[in-house]
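The values are calculated or read from the model by the stated rules, or taken from the named source; none is laboratory data. Just so you know, these numbers come straight off a predicted model, no measurement behind them. Reconstructed Cβ throughout: ideal geometry from the backbone, glycine too, with neighbour counts over all protein chains shown. These accessible areas exclude ligands, DNA and RNA; they are computed on the full protein's heavy atoms, side chains included. Shrake-Rupley method; radii C 1.70, N 1.55, O 1.52, S 1.80 Å.
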Amino acid sequence: MCHVIVTCRSMLWTLLSIVVAFAELIAFMSADWLIGKARSRGGGVEPAGPGGGSPEPYHPTLGIYARCIRNPGVQHFQRDTLCGPYAESFGEIASGFWQATAIFLAVGIFILCMVALVSVFTMCVQSIMKKSIFNVCGLLQGIAGLFLILGLILYPAGWGCQKAIDYCGHYASAYKPGDCSLGWAFYTAIGGTVLTFICAVFSAQAEIATSSDKVQEEIEEGKNLICLL
């Protein structure tokens, strides 16, 4: 018989696990990892001086495999950018370092998504093959965090590729973004990685909460729905 056990710590761990998985997935798919040099509508770099009559500049963005650029065919709309993958296949990703980043991040995100899915069912099933699901999921989150760290360390090493130089200028090189600035997706990936390890630690607290003496007493009394603060 399934005993539905809901505690504050287990619910918080479940919610954090879901949020972390979605945050990392959205960051990975985004093109806003690097924000490029200001460009005019025609595609050239916007001059630094206060030249008169030049079109309003925009900042193209570049991700691991995607990019956002101004659509030169649209002249009368403010939101006239085109976003999508610049690489049609894995081999077309601009840098070998970014290819490695994509692999490590994809593995880490896959593990996080699986843990987020399993975490929903921990209210009803707390163990499998005599192993605590919380402890197993916490271990998997720690492993996922290591993959994410490797990916984030390798990503800046690819800033010297030709694609990054086109967006960030000739001063761009490994771990030096040149004229580019870092976008929200990069910071989101870092924040998600930190939260991943927090989730891994918090899973132990969720395990303690769901296996406490109070919970065992409620189960022995025959209650199927157990809610504890």
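Select from segment 161-171 the residues that are surrounded by fewer than 20 Cβ atoms within 10 Å (Cβ to Cβ) and in contact with a Lys or Arg (Cβ under 8 Å, 6 or more places away or on another chain) and list them in ascending order.
Result: GLY169, single match.
Filter segment 172-211 down to residues that are more than 20 Å from ALA21 (Cβ to Cβ) and at pLDDT below 90 and give me whichever is most open to solvent (accessible area, probe 1.4 Å).
ILE208
Residue under question is TYR167, and the condition is that it be more than 19 Å from PHE197 (Cβ to Cβ), of a type in the set (Ser, Thr, Tyr) and in a helix (DSSP H, G or I); does it hold?
Yes.
With the requirement that a residue be over 21 Å from TRP13 (Cα atoms) and of a type in the set (S, T, N, Q), what does segment 129-176 give you?
Within segment 129-176, GLN162, SER173 qualify.
What are the residue pairs meeting all of these: first residue in segment 184-206, first residue over 30 Å from HIS59 (Cβ atoms), second residue open to solvent by 30 Å² or more (accessible area, probe 1.4 Å) and not aliphatic (A, V, I, L, M), Cβ atoms under 6 Å, and 6 or more apart or on different chains?
GLN205/ARG9; ALA206/ARG9
Restricting the first residue to segment 141-170 and requiring it to be closer than 17 Å to MET114 by Cβ, which pairs with a second residue that is open to solvent by 50 Å² or more (accessible area, probe 1.4 Å) and in a helix (DSSP H, G or I) meet a Cβ separation below 6 Å and a spacing of at least six or different chains?
Pairs found: GLY145/PHE197; PHE147/PHE104; PHE147/VAL107.
Do we have any residue at all in segment 44-55 that's among the hydroxyl-bearing types (Ser, Thr, Tyr) and modelled with pLDDT of 70 or more?
no
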